[in-house]
Amino acid sequence: MNSTSINDTVHVITSVQRRRRWPSPEKEQIVKETFEPGNSVSLVARKYNIAPSQLFQWRRFMENGAIKGIENEENLVPESEYKKLEQRIKNLERLLGRKTEENEILKEAVILARKKN
């Protein structure tokens, strides 16, 4: 006889679940629960339906102080995007400098032209 019973069920996931966002205070509270007596990362992860690896990552972030950077609920951007935006700012500042210089030259030209008339 087969060891599988008739009551065994198979769950098929048919939709893509959206990524959940956890506010920093809530993350901190969940991580603190993992340190409470009688709790484990696996137990707390199951309670909140979080992957244990995610919870371990949050714990590492807290230990390294990295979670402090997101406590203010600031939006975080990838480093590549940050560098791209930083370069764009430099280019715009350079362009602004050129336009300011052109403007000063044109002002002087107008003053000189008025003096000649």
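One table, with the values for the structure above:
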{"read-out": "Subset tally (residues that are outside any helix (DSSP H, G or I) and in contact (Cβ under 8 Å) with a residue 40 or more places away in the chain) for the range 17-68", "value": "1"}
{"read-out": "Number of positions in the range 54-91 that are within 15 Å of Glu33 (Cα to Cα) and either at pLDDT 85 or above or outside the structural domain of Lys32 (by TED's automatic domain parsing) (or both)", "value": "7"}
{"read-out": "Filter pass, Ala51 being modelled with pLDDT under 95 and either over 27 Å from the mean Cα position of the chain (by Cα) or over 29 Å from Arg19 (Cβ atoms) (or both)", "value": "no"}
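The values are calculated or read from the model by the stated rules, or taken from the named source; none is laboratory data. This structure is a prediction, so every number in the text was calculated from the model and none was measured. Ideal geometry is used to build each Cβ from the backbone, glycine not excepted, and the neighbour counts take in all protein chains shown.
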